[in-house]
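The structure under discussion appears below in the form of structure tokens.
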Amino acid sequence: MPAAPATGSTSRPPLTRFGLGTAAVGRPGYITLGRDVDLPAERTVEALRRRTHELLDAAYAAGVRYFDTARSYGRAEQFVAEWLDARPAESAEVTVGSKWGYTYTADWQASGVPVHEVKEHTAEVFDRQLKETRALLGSRLDVYLVHSVTPDSPALTDPALHERLAGLAAEGVRVGLSTSGPAQADTVRAALELTVDGRPLFAAVQSTWNVLEPSAGPALAAAHAAGWLVVVKEGMANGRLADRNATGPDTAALRAVATRAGTSCDALALAAVAAQPWADVVLSGAAAAEQLASNLAAADLHLDEARLAELAPLAEPAEEYWRTRAALPWA
């Protein structure tokens with residue numbers, strides 16, 4: 001069922017530094033904190049389709065022109081494709097990124113399943129999932145990333161896969177990888193060295209960077225310097241930096257700076273990401289329109305070096321951050 005027409009162009013210029021991610025709304029279960037109040041009580045396919053389309057409408061109206069999805073985000077890729085199908089004029093203006101390498105296995109269950117997604121970075125999975133993505137997005141696929149690469153991933157070593165990825169790049173798709181885990185920087189640096197027929201294999205990366213987990217920053221700066229598109233995910237640390245959750249002593253500095261700036265913790269957290277000169281696109285993972293509006297207030301915040309320095313003590317050891325993230329419940 002198509003969503004309502006987009007609300008029209010915004011009076012402000014396009015927010016080229018900000019994008020909308022669909023991980024939190026394309027499936028009933030995810031690890032973002034507070035989903036019990038963010039999403040409809042009945043998380044049916046139709047309910048989440050409507051929510052996704054509402055967010056895409058609101059994001060487009062606010063000037064957002066980068067939309068991010070993935071094969072493993074339940075039906076998010078389908079929802080995005082439906083939105084694009086219903087809006088040919090708008091779809092011509094947006095950049096669409098998706099990811100392959102995880103297969104969604106939760107069968108539309110929010111919790112109580114042992115595994116929600118299975119990772120496999122093989123040429124065979126690439127072939128299957130690219131076909132699935134193309135069936136939905138067609139030529140509107142602009143960026144295609146290997147999902148959640150770590151230093152031990154075959155995506156960094158498999159020549160057959162590299163040939164396939166290079167072939168897709170030759171068709172005009174920007175090919176890259178997303179990263180996760182405490183060794184994100186090592187992954188990015190290894191990926192920067194990969195070539196096929198003397199040409200760099202990858203041209204894009206999506207990594208976690210936030211005031212709690214900034215360890216990938218220097219490697220992302222190197223990727224940016226190499227001409228890669230750098231997209232930042234989890235700028236709010238899966239909800240840990242939202243006002244309702246940033247209540248402990250570990251986030252006191254964030255609250256203090258936000259109060260003095262007259263803004264929300266989430267807007268400040270995303271503004272800190274946008275202040276990094278190597279960050280091309282900063283994703284909002286909002287699950288509701290009011291969250292999106294609060295997130296996008298970051299576009300009007302300009303953090304000077306003094307304020308960024310106040311936030312620096314929030315950084316956790318990378319291993320500690322990723323242990324905490326791994327313990328977040330699917331709900």
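Of note:
- Only listed residue being hydrophobic (A, V, I, L, M, F, W, C), surrounded by 19 or more Cβ atoms within 10 Å (Cβ to Cβ) and in a helix (DSSP H, G or I), chosen from Leu145, Leu130, Leu168, Leu177: Leu130
- Inter-residue pairs, beta-carbon under 8 Å, first over 13 Å from Val231 (Cβ atoms) and in segment 177-195, second open to solvent by 30 Å² or more (accessible area, probe 1.4 Å) and among the charged types (D, E, K, R), 6+ apart: Pro182/Glu319
- Close pairs (6 angstrom Cβ cut-off, 6 or more residues apart or separate chains): farther than 14 Å from Ala81 by Cβ and in contact (Cβ under 8 Å) with a residue 12 or more places away in the chain in segment 126-144, of a type in the set (Lys, Arg) and assigned to a strand (DSSP E or B) anywhere: Val143/Arg174
- The number of residues in segment 181-212 being of a type in the set (Ser, Thr, Tyr) and surrounded by fewer than 19 Cβ atoms within 10 Å (Cβ to Cβ) comes to 1.
- Going through (1) open to solvent by 10 Å² or more (accessible area, probe 1.4 Å); (2) on the phi < 0 side of the Ramachandran plot one by one, Val232 falls short only on (1).
- Segment 242-273 - residue that is polar (S, T, N, Q) and outside any helix (DSSP H, G or I) and, of those, most open to solvent (accessible area, probe 1.4 Å): Thr247
- Residue that is surrounded by the most Cβ atoms within 10 Å (Cβ to Cβ) [pool: residues in segment 36-51 that are touching a residue at least 60 places away in the same chain (Cβ under 8 Å) and in a helix (DSSP H, G or I)]: Arg51
- Looking only at segment 272-311, and only at residues there that are among the acidic types (Asp, Glu) and touching a residue at least 40 places away in the same chain (Cβ under 8 Å), the one that is nearest to Arg244 (Cα to Cα): Glu310
- Residues satisfying the stated conditions in segment 52-72, i.e. farther than 10 Å from Gly21 by Cα, open to solvent by 10 Å² or more (accessible area, probe 1.4 Å) and of a type outside the set (Gly, Ala, Ser): Glu54, Asp57, Tyr60, Arg65, Arg71
Condition check ((1) more than 15 Å from Gln184 (Cβ to Cβ); (2) open to solvent by less than 40 Å² (accessible area, probe 1.4 Å); (3) not hydroxyl-bearing (Ser, Thr, Tyr)) across all residues:
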| residue | (1), (2), (3) |
| --- | --- |
| Gln291 | yes, no, yes |
| Ala298 | yes, yes, yes |
| Leu303 | yes, yes, yes |
| Ala306 | yes, no, yes |
| Glu310 | yes, no, yes |
| Glu316 | no, yes, yes |
| Glu320 | no, no, yes |
| Leu328 | yes, yes, yes |
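- Tallying residues that are over 21 Å from Val173 (Cα atoms), assigned to a loop (DSSP other than H, G, I, E, B) and small (Gly, Ala, Ser) within segment 77-125 yields 4.
- Within segment 112-122, the set of residues being in contact (Cβ under 8 Å) with a residue 12 or more places away in the chain and either open to solvent by 70 Å² or more (accessible area, probe 1.4 Å) or over 21 Å from Leu33 (Cβ atoms) (or both) comprises Val118, Lys119, Glu120, His121, Thr122.
The values are calculated or read from the model by the stated rules, or taken from the named source; none is laboratory data. Please read all numbers here as calculations on a predicted model, not as lab measurements. FYI the Cβ positions are ideal-geometry reconstructions off the backbone, even for glycines, and counts take in every protein chain you see. The area values use the complete protein model at the heavy-atom level, side chains included, leaving out ligands, DNA and RNA. Shrake-Rupley method; radii C 1.70, N 1.55, O 1.52, S 1.80 Å.
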